[in-house]
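Notes follow once the structure below has been shown.
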Amino acid sequence: MLVAEKEAENVRLAGMIPRAHRRRGTPYAADDYRRRDVPVLELRQRVNAGLIERLRALAGDEDWMRRQVQEAREAALMEIVHPRLDPPPPALDDLYWSERDDRIARLALDLAELASESG
C-alpha cells in the first residue's frame, strides 16, 4: 500500500516539476511550487524511489514483516494502557475554584489600568 502511494506521489511530482521549473516569483499557497522549489521536489522523487525499492525488498522478508506487526501491536497496546497506568495530572488543583474570584478581580483591575493607559 505504501509502495503504491509513493509511486502515485512520484507520478504527481513528475507532472509538477516541469511546471514549477517554468514558474518564477512568490508562491500563493503551500502547493504552488516555483523554480526555487524544483531541487526539493526532485529530492522528494529520489527519496520516494529509494523507499519504494527498499519496501519492495522488505516485502519478501517474512521475519521483518513479523517484527513490524509485533512492534505495531505493542505500540497500539501501550497507547491504550499507558494512560491508565500513568494518568495525566488533574488540570485544576484544589485552590483553583476558591481563588478564582480573586484572580478575575485582579484581571479586571489590570485590564482597567491598561485601558486607562492607552487612553
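Bear in mind these aren't lab numbers, they're just calculated from the coordinates by the rules spelled out. On a predicted model such as this, the values are computed, not experimentally measured, just so you know. Glycine gets a Cβ as well: all are built from the backbone with ideal geometry, and neighbour counts include every protein chain shown.
Annotations for the structure displayed:
- Cα-based helix-to-principal-axis angle, 2-22 vs the chain, degrees rounded to 10: 90 degrees
- For the stretch 31-40, the Karplus equation 6.51 cos²θ - 1.76 cosθ + 1.60, evaluated at θ = phi - 60°, returns couplings of 9, 9, 7, 10, 3, 5, 8, 4, x, 5 Hz by residue, with Gly and Pro reported as x.
- Highest average packing first - 68-76, 7-15, Cβ atoms within 10 Å: 7-15, 68-76
- Computed from Cα positions, the angle between helix 95-118 and the longest principal axis of the chain comes to roughly 90 degrees.
- Student exercise, the chain dipole from Lys, Arg, Asp, Glu Cβ charges, in Debye to nearest 20: 1320 debye
- Taken over the chain, the alpha-carbon convex hull comes to 201 cubic angstrom per residue.
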